[in-house]
Structure formats: C-alpha cells, structure tokens
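Single-structure report; data block below.
The values are calculated or read from the model by the stated rules, or taken from the named source; none is laboratory data. All values derive from a computational prediction rather than experimental measurement. Glycine also receives a Cβ, built like all others from the backbone with ideal geometry; neighbour counts cover every protein chain displayed. Accessible surface areas use protein heavy atoms only, side chains included; no ligands, DNA or RNA. Shrake-Rupley method; radii C 1.70, N 1.55, O 1.52, S 1.80 Å.
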Amino acid sequence: MTGPTTRDLPVPARALAVGAHPDDIEFGAGATLARWAAAGCEVSLLVCTDGSKGTWDPNADLAALVATRQEEARAAAKALGATGEVVFLGAVDGELENDRATRSTIARWIRELRPDVLLGHDPWKRYRLHPDHRAAGFLVCDALVAARDPHFFPEHGIAHHRPATLLLFEADEPDHAETADDTGLAAKVAALESHRSQYESTMFITDDPVASAAEQDRFRTEVRSVMEEAGRWAGIPLAERFHLLPTDR
C-alpha cells in the first residue's frame, strides 16, 4: 500500500463524527479527535444505533444495556476531551437503514452544528459484514449532500451548511493520515476502555481477576500496533488513516 496523498488537516473549529455504534468513532478516529479537541476544536459525536445487540449474554436486560452504552459513550467523549454534543439517534442495533427520515435527522445535525470536518465510516469498504457500518457510512455521505444544498429538507428551517472535508475511517483505500502521539493514543485507549460493557464482546477482556489485567494490556498493545502500522504507512511514528473526500462532488 502506497503512503498517504495528504496529511494533517488544519485543526478545525468544529468537527462532527458519526458512528454506527457506541465505540465505533473511538476505534476509527479517537486519537485524531483527541488531538483536535486539545487544540481547541469543538468535537461532537453522533451515534446512530442504540447498541442493544452489544452483548453475548442471551438473558441480558437490553433496556439497561442501552442506558449503559449511552453513559459509556458520554464518558468516552469526555476522555477524548470533546466539548460538543453527544447525540444518540436510537435506531435498533442491526436494523439501521439509509432512509429519508434518518438522512434528514443527520443532515439537520450537520446544519445545526456546522462542522468544518465531518467523519464517518467508509461505506465502500469491501467485504464489510456488519450492515450498520455500511448504512452509517452511506447515511453520512447522503446527509452531507442534503445538508449542503438548500433545497433538501427545507422544513428544517436552518441555513444549509457544507463541511469543508469528509474523512472516512475504516477506509478501504486510505489516502490521508492524521498524525498521532502518545497523548492521543492514551486518550483513544481511555475512551475505548470507557465502554466497559464491550470488554468481553469487542475487546476480549474477561472478568477473570487473574486474566483481566493481561488481557487489558494485550488490548492496549493491539491499539498501539494498529496506530504504529498506520504510522509506518505515513512515515511517522503513530497515525490514524482515512480516505479524504472533498465535499463539492
């Protein structure tokens, strides 16, 4: 894989990241958002689904899980230093659809928050299994087009807004790198570890008192390794990878 075409956007005044589930944004762009937040960017997060499938326990209280995952997402945003909104659309986990109502809602948030940079899943990633990631990626792209053009959703009664840049994480063909450092890595790990309900199913950290510490260390090493690999691609120690799209296409 060739290195990035571009690297390091100017720190935006405002950024909005859209993820399918609680924790997706942190995996995809946590260090970048933490660095921007530390530099004064107003970072907002929008989570499309309720996270209600995020457990391996067949007897779980799903209403309680949804509430827990919202609390965790707010804690994760705090760990990133985000000072903007944390928005939950509440679509049922696994059933997210790129429909008109959801596009309208996301477009409205883009118009209200007026981000300079919009971030989301790459919907064109090959062999992607999870339907919510595909749907969330297309929703971000389609909502951006709607938000930027005044004749989409005039019922919003809000001026249209065009973000300057769209960054797609989990990119199938990354072409843009954002520099990270140990501080950003630590913030990303802290944000991810705020999602304690996902220790078993996503991070493979058990409740076993003997094994848990070692498993947590292994998870932290894995997060660093991903960012080191991205850094080698970009010619720097640590990075996060994206596909950058101009927003006038």
- Query: Within region 97-132, can you find the residues that are in contact with a His (Cβ under 7 Å, 6 or more places away or on another chain) and over 18 Å from residue 33 (Cβ atoms)?
  - Reply: 108, 111, 132
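One line per residue, one yes/no per condition, for (1) polar (S, T, N, Q); (2) open to solvent by less than 50 Å² (accessible area, probe 1.4 Å); (3) under 23 Å from residue 193 (Cα atoms); (4) out of contact with any Lys or Arg (no Cβ under 8 Å at 6 or more places or on another chain):
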| site | (1), (2), (3), (4) |
| --- | --- |
| 65 | no, yes, yes, yes |
| 72 | no, yes, yes, no |
| 79 | no, yes, yes, yes |
| 109 | no, no, no, yes |
| 112 | no, no, no, yes |
| 132 | no, yes, yes, yes |
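Please enumerate the residues belonging to region 103-113 that are in contact with a strand residue (DSSP E or B) (Cβ under 7 Å, 6 or more places away or on another chain) and either part of a loop (DSSP other than H, G, I, E, B) or touching a residue at least 40 places away in the same chain (Cβ under 8 Å) (or both). Before the answer, list the steps.
Taking region 103-113 as the starting set, the residues that turn out to be in contact with a strand residue (DSSP E or B) (Cβ under 7 Å, 6 or more places away or on another chain) are 105-106, 109-110, 113.
Within region 103-113, 106, 109, 110, 113 qualify.
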- Please list, ordered by first then second residue, the pairs with beta carbon atoms under 7 Å, 6 or more apart or interchain, first in region 143-167 and acidic (Asp, Glu) and at pLDDT 95 or above, second open to solvent by 20 Å² or more (accessible area, probe 1.4 Å) and part of a loop (DSSP other than H, G, I, E, B). 149/160
- Item | residue 32 among the hydroxyl-bearing types (Ser, Thr, Tyr), out of contact with any Cys (no Cβ under 7 Å at 6 or more places or on another chain) and either buried (at least 23 other Cβ atoms within 10 Å of the Cβ) or free of Cβ contacts under 8 Å to residues at least 24 places away in the same chain (or both) | yes
- Query: What tally of residues in region 40-51 results from selecting those that are open to solvent by less than 10 Å² (accessible area, probe 1.4 Å) and of a type outside the set (A, V, I, L, M, F, W, C)?
  - Reply: 3
- Those residues that are within 16 Å of residue 178 (Cα to Cα) and in contact with a helix residue (DSSP H, G or I) (Cβ under 9 Å, 6 or more places away or on another chain), I need them from region 17-28; list them, please. 17, 25, 26, 27
- Does any residue of region 190-209 turn out to be within 18 Å of the chain's Cα centre (by Cα), surrounded by fewer than 20 Cβ atoms within 10 Å (Cβ to Cβ) and within 18 Å of residue 33 (Cβ to Cβ)? yes
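If you go through region 114-124 one residue at a time, do you hit one that is modelled with pLDDT of 95 or more, surrounded by fewer than 16 Cβ atoms within 10 Å (Cβ to Cβ), in contact with a Leu (Cβ under 9 Å, 6 or more places away or on another chain) and not in a loop (DSSP other than H, G, I, E, B)?
no
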- Does at least one position in region 47-63 carry a residue that is without any contact (Cβ under 8 Å) to a residue 40 or more places away in the chain, more than 25 Å from residue 149 (Cβ to Cβ) and assigned to a helix (DSSP H, G or I)? yes
- Query: So is residue 86 in contact (Cβ under 8 Å) with a residue 24 or more places away in the chain, open to solvent by 10 Å² or more (accessible area, probe 1.4 Å) and more than 26 Å from residue 240 (Cβ to Cβ) or not?
  - Reply: no
- In region 25-32, is there at least one residue being closer than 25 Å to residue 203 by Cβ and part of a strand (DSSP E or B)? no
- Note on the structure: Screening 37, 20, 13 for residues that are open to solvent by 10 Å² or more (accessible area, probe 1.4 Å) and either without any contact (Cβ under 8 Å) to a residue 24 or more places away in the chain or closer than 17 Å to residue 73 by Cα (or both) leaves only 37
- Item | Subset of region 167-188 (residues that are surrounded by fewer than 22 Cβ atoms within 10 Å (Cβ to Cβ) and either among the hydroxyl-bearing types (Ser, Thr, Tyr) or touching an Asp or Glu at 6+ places or on another chain (Cβ under 9 Å) (or both)) | 170, 171, 172, 173, 179, 183
